[in-house]
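Participant: One structure follows; several queries about it will come next.
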Amino acid sequence: MTAAFQLDNIKINASGKTILSVPSLSLDAGRITAVVGPNGAGKSTLLRLLNVLNKPTEGMVRFFGENLIWGRMSRAKQLEQQRQMSFVFQKSVMFDTTVFHNVAMGLKFRKWKKSDINDEVMRALEWVGLSDFRDRHAHTLSGGETQRVALARSIVTQPRVLLLDEATANLDPECIEIFEDVIHRIRKESGTTIVMITHNLQQAKRMADICLFMHQGEVLEMAETEVFFDRPAAKRLQDFLAGRMVY
Ligand SMILES: Nc1ncnc2c1ncn2[C@@H]1O[C@H](COP(=O)(O)OP(=O)(O)O)[C@@H](O)[C@H]1O
Ligand SMILES: [Mg+2]
């Protein structure tokens, strides 16, 4: 199976300590990987590394076989790699304009034709159940609607990889269901690679092919979802799944 990401000897240091240490990690293309673990485990740091936002202190990351490139000197290359990925955060910031233009922005940057932009934006809005919201000002949306627009904005560019950092953390069950359906659908229809951080273990169980447990900057366990939940090997993961987190 092709690796969407291959990490080798990764270390990220910040404020004099190592906040991420991953000797070797491979994330399969076209699969859904859930990343779980307590607060401060390094989950967001890992995702930001994949998205070429955090630069490793040591080591390297291959993205579909090609080295990820950081730094000012290679800004164009970095941008090209970042444009193959979309990121949805827990709290999305909307541009000060309509829902339509919020979703269209990425396509305009990519210099898409106007008619194609219109078609794709309306398709993405339909996917998240917000077709009627195209002319609403984004700042008048509820939290759940904002997250759904953020999801539409992230899938409209047809990314190779979709990264989600606690994207459904503040959503009600109905919104979460819409989110999960869209994620399943984009993976099925486009073979998109999904890496999602979640505190919702039921969500990880429902969604993920593979789960990864992080603790103190390290990946302590990685397994197919069924094995991960039914037969966790690491003592810390057993405790975490049982709601007895030890620090
Ligand atoms: N720029 C930084 N400088 C210093 N410490 C950082 C920085 N970024 C993250 N950290 C620390 O690294 C650890 C992991 O953070 P993070 O990846 O956000 O964890 P998680 O997403 O799992 O909650 C935390 O202890 C956090 O305070
Ligand atoms: Mg985080």
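The values are calculated or read from the model by the stated rules, or taken from the named source; none is laboratory data. A quick note: this is a predicted structure, and the numbers were derived from the prediction, not measured. For neighbour counting, all protein chains shown are included, and Cβ atoms are generated from backbone atoms with ideal geometry for every residue, glycine included.
Participant: Restricting to region 151-166, and then to whatever is of a type in the set (A, V, I, L, M) and over 11 Å from the mean Cα position of the chain (by Cα), can you tell me which residue is farthest from ligand 2 (Cβ to nearest atom)?
Facilitator: V156
Participant: Give the residues of region 202-219 that are away from ligand 2 (no atom under 16 Å from the Cβ) and touching a residue at least 24 places away in the same chain (Cβ under 8 Å), sorted by residue number.
Facilitator: Answer for region 202-219, where residues must be away from ligand 2 (no atom under 16 Å from the Cβ) and touching a residue at least 24 places away in the same chain (Cβ under 8 Å): K205, R206, M207, A208, D209, I210, C211.
Participant: Report yes if some residue within region 45-55 is crowded, with 16+ Cβ neighbours inside 10 Å, within 16 Å of ligand 2 (Cβ to nearest atom) and over 13 Å from the mean Cα position of the chain (by Cα); otherwise report no.
Facilitator: yes
Participant: Checking the structure you have, find out if any residue of region 2-25 is outside any strand (DSSP E or B), out of contact with any Leu (no Cβ under 7 Å at 6 or more places or on another chain), within 16 Å of ligand 1 (Cβ to nearest atom) and closer than 23 Å to S154 by Cα.
Facilitator: Looking for residues that are outside any strand (DSSP E or B), out of contact with any Leu (no Cβ under 7 Å at 6 or more places or on another chain), within 16 Å of ligand 1 (Cβ to nearest atom) and closer than 23 Å to S154 by Cα, one finds none in region 2-25, hence no.
Participant: Regarding A76, is this residue within 16 Å of ligand 1 (Cβ to nearest atom) and of a type in the set (G, A, S)?
Facilitator: no
Participant: Filter region 158-188 down to the residues that are surrounded by 15 or more Cβ atoms within 10 Å (Cβ to Cβ), basic (K, R) and farther than 23 Å from H101 by Cα and list them by number.
Facilitator: Listed by number, the list holds a single entry, R187.
Participant: Go through region 56-90 and give me each residue that's surrounded by 18 or more Cβ atoms within 10 Å (Cβ to Cβ), in a strand (DSSP E or B) and either among the aliphatic types (A, V, I, L, M) or modelled with pLDDT under 95 (or both).
Facilitator: V61, M85, V88
Participant: For a quick check of your reading of the model, give me the residue pairs whose first member lies in region 17-30 and is in contact (Cβ under 8 Å) with a residue 12 or more places away in the chain, whose second is within 16 Å of ligand 2 (Cβ to nearest atom) and among the polar types (S, T, N, Q), with beta-carbon atoms closer than 7 Å and at least 6 apart or on different chains.
Facilitator: These pairs meet every condition: I19/T45; L20/T45; L27/T33.
This table checks each residue for (1) over 19 Å from K43 (Cβ atoms); (2) buried (at least 18 other Cβ atoms within 10 Å of the Cβ).
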position	(1), (2)
V149	yes, yes
V156	yes, yes
S190	yes, no
M196	no, yes
R236	no, yes
